[in-house]
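In what follows, a single structure is set out as structure tokens and then discussed.
The values are calculated or read from the model by the stated rules, or taken from the named source; none is laboratory data. Just so it is clear, the structure is predicted and the values come from calculations on it, not from any experiment. Neighbour counts run over all protein chains shown; Cβ positions are idealised from the backbone, glycine included.
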Amino acid sequence: MEHLECIFCQKKFPLDIFDPFCPQCREPLLYPAPQKKRSFSPEKSLPLEKFLDFLPLLRVDPSLSLGEGNTPLLRLDHILKDFNLPPVFVKNEAHNPTSSFKDRGTAVAVQKAVSLGMGRIGTVSTGNMASSTAAYGAKAGLETLVLLKEDTPFEKLLLTGVHNPKLIRVRGDYGELFTKSFSIGRRHNIYFMNSVDPFRIEGYKLTAFEIFLQLDRQIPRFLFVPVSAGGHLAGLIRAFLDLRREGLAPFIPIVVGVQAQGCSPIAQAFASGKVKVERIKKAETIAHAISNPDPPAGNIVLRMIRENKGMIITVSDEEILEAQRILAELEGIFCQPASATVLAGLLKLSKEMKMDKNDPIVLVITGSGLKALESLKSLKTDALDSSLSDLEGTIDSLLT
Ligand SMILES: Cc1ncc(COP(=O)(O)O)c(C=O)c1O
Ligand SMILES: [Zn+2]
């Protein structure tokens with residue numbers, strides 16, 4: 001029988017797809033590592049098959065995949081020269097089917113849903129996870145329910161609605177909605193694959209395995225990742241721990257979780273030495289996708305970061321927008337403000353601590369800028385107007 005484990009009380013519980021929380025600690029449960037020896041299958045092209053040994057699946061149904069993973073690892077040559085940094089790489093997860101890292105997790109959770117014979121899936125989300133779950137639900141032919149915040153903007157609604165799930169905008173507290181979704185799921189036979197679902201978290205590991213292979217089996221010294229609910233960071237650390245456990249890598253990176261100053265409950269707990277994250281009252285940041293005042297995996301993140309010598313830092317909205325601009329102008333990468341936090345975090349940290357010139361750094365870009373166009377409101381594009389007859393003169397005035 002399949003089990004999930006609680007890293008706080010160390011107890012194991014039989015898998016209950018409708019409630020992935022420890023009944024005692026109310027912390028998210030995680031999928032335990034198996035006792036057997038695990039290895040990669042590099043000859044396979046589908047990442048789910050390549051890393052199957054490390055996933056909580058017995059087999060993969062390729063017909064459920066939308067082509068997630070195999071995302072590029074790009075060296076930021078201009079940025080590292082301009083800011084005098086060690087080799088910096090971007091793992092660009094915006095190249096996933098619905099333009100965010102969420103597809104890594106949804107792909108695994110949907111495989112699980114189908115293998116368990118579930119006909120209905122759902123999620124509670126404001127953006128990226130909603131469109132990801134709706135798209136994979138469509139591909140798998142599952143009835144899909146997406147519960148959104150009351151004030152979700154119309155454009156965000158469209159990006160999910162295009163896949164034709166059952167969509168409901170819900171009035172009331174978002175944290176309560178998250179918790180309530182599980183009891184609703186049990187009553188209506190809907191598997192709610194929310195932000196800290198144990199199968200979703202295992203899916204996020206594949207990003208780290210790909211980074212390892214793309215760096216010729218090297219582990220980066222630093223890995224920067226944005227943090228909201230905490231599931232993504234937990235999955236990435238678990239992947240590096242897996243690599244170390246299997247003897248494939250000697251150490252794990254210094255994982256730097258980045259939060260926006262205007263909503264940084266985990267960073268605040270980290271800075272003040274607390275073991276529990278406290279809900280914050282007011283969240284205000286341009287990085288909407290990582291604005292969670294009550295992160296369900298916050299305590300797990302705190303613990304994993306401390307046990308593995310990582311850190312959680314904050315960056316301001318100004319630093320985020322500046323990093324978003326730099327990535328777009330110097331490197332051709334257009335990401336969401338939530339994702340630009342990773343470069344903002346690196347620029348901030350590199351001023352405060354010494355980074356060895358030979359140690360590679362990886363920034364995980366989690367989502368495409370095309371999904372958060374409102375962040376460009378302050379952008380000035382200096383387009384000149386010209387008639388056809390004056391065009392060459394106008395061009396001459398522009399060229400350097
Ligand atoms: C673009 C983007 N980056 C980062 C995150 C944070 O991931 P997590 O909630 O797993 O910490 C999210 C979460 O929604 C996101 O949409
Ligand atoms: Zn527990």
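Assorted remarks:
- Residue check, Asp82 at pLDDT 95 or above and either out of contact with any strand residue (DSSP E or B) (no Cβ under 6 Å at 6 or more places or on another chain) or away from ligand 1 (no atom under 16 Å from the Cβ) (or both): no
- Qualifying residue in the stretch 110-121 (condition: assigned to a strand (DSSP E or B), within 21 Å of the chain's Cα centre (by Cα) and within 13 Å of ligand 1 (Cβ to nearest atom)): no
- If the condition is being within 14 Å of ligand 1 (Cβ to nearest atom) and assigned to a loop (DSSP other than H, G, I, E, B), then the stretch 311-337 contributes Ile333, Phe334, Gln336.
- Pair list, Cβ under 8 Å, 6 or more apart: the stretch 91-107 residue under 19 Å from Val196 (Cα atoms) and modelled with pLDDT of 95 or more, other residue surrounded by fewer than 24 Cβ atoms within 10 Å (Cβ to Cβ) and of a type in the set (D, E, K, R): Ser100/Lys371
- Summed over the stretch 359-377, the residues that are in contact with a strand residue (DSSP E or B) (Cβ under 8 Å, 6 or more places away or on another chain), in a helix (DSSP H, G or I) and either more than 17 Å from Asp317 (Cα to Cα) or free of Cβ contacts under 8 Å to residues at least 24 places away in the same chain (or both) give a count of 1.
- The condition of being under 29 Å from Asn70 (Cα atoms) and either within 16 Å of ligand 1 (Cβ to nearest atom) or over 24 Å from the mean Cα position of the chain (by Cα) (or both) holds for Lys37.
- Only one of Glu27, Glu5 that is acidic (Asp, Glu), within 16 Å of ligand 1 (Cβ to nearest atom) and in contact with a strand residue (DSSP E or B) (Cβ under 8 Å, 6 or more places away or on another chain): Glu27
- Selected residue (only one of Val225, Val170 is among the hydrophobic types (A, V, I, L, M, F, W, C) and in contact with a Gly (Cβ under 8 Å, 6 or more places away or on another chain)): Val225
- For the stretch 63-72, residues that are in a helix (DSSP H, G or I) and either among the β-branched types (Val, Ile, Thr) or crowded, with 18+ Cβ neighbours inside 10 Å (or both) total 1.
- Any helices (runs of 4 or more DSSP H) falling wholly within the stretch 163-281 and containing at least 2 residues that are in contact with a helix residue (DSSP H, G or I) (Cβ under 7 Å, 6 or more places away or on another chain): 198-214, 231-245, 265-271
- Hits in the stretch 156-190 - residues which are closer than 22 Å to Gln336 by Cα and loosely packed, with under 12 Cβ neighbours inside 10 Å: Leu158
- Across the stretch 314-326, a minimum of one residue is classified as touching a Leu at 6+ places or on another chain (Cβ under 8 Å) and among the hydrophobic types (A, V, I, L, M, F, W, C).
- The listed residue being in contact (Cβ under 8 Å) with a residue 40 or more places away in the chain, over 25 Å from Asn70 (Cα atoms), more than 16 Å from ligand 1 (Cβ to nearest atom) and over 20 Å from the mean Cα position of the chain (by Cα), out of Asp356, Asp396: Asp356
Conditions tested, residue by residue: (1) touching a residue at least 12 places away in the same chain (Cβ under 8 Å); (2) within 16 Å of ligand 2 (Cβ to nearest atom); (3) at positive phi; (4) in contact with a helix residue (DSSP H, G or I) (Cβ under 8 Å, 6 or more places away or on another chain).
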{"site": "Ile7", "(1), (2), (3), (4)": "yes, yes, no, yes"}
{"site": "Cys25", "(1), (2), (3), (4)": "yes, yes, no, no"}
{"site": "Leu48", "(1), (2), (3), (4)": "yes, no, no, yes"}
{"site": "Phe51", "(1), (2), (3), (4)": "yes, no, no, yes"}
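- Residues located in the stretch 206-255, provided they are within 17 Å of the chain's Cα centre (by Cα), of a type in the set (D, E, K, R) and either within 16 Å of ligand 2 (Cβ to nearest atom) or farther than 21 Å from Met311 by Cβ (or both): Glu210
- Residues satisfying the criterion are present in the stretch 27-37 (criterion: within 30 Å of Ile184 (Cα to Cα) and either basic (Lys, Arg) or surrounded by fewer than 18 Cβ atoms within 10 Å (Cβ to Cβ) (or both)).
- Scan of the stretch 133-174 for residues that are basic (Lys, Arg) and more than 30 Å from Ser115 (Cβ to Cβ), ordered by number: Lys149, Lys156, Arg169, Arg171
- Residues that are in a loop (DSSP other than H, G, I, E, B) and crowded, with 20+ Cβ neighbours inside 10 Å do occur in the stretch 73-86.
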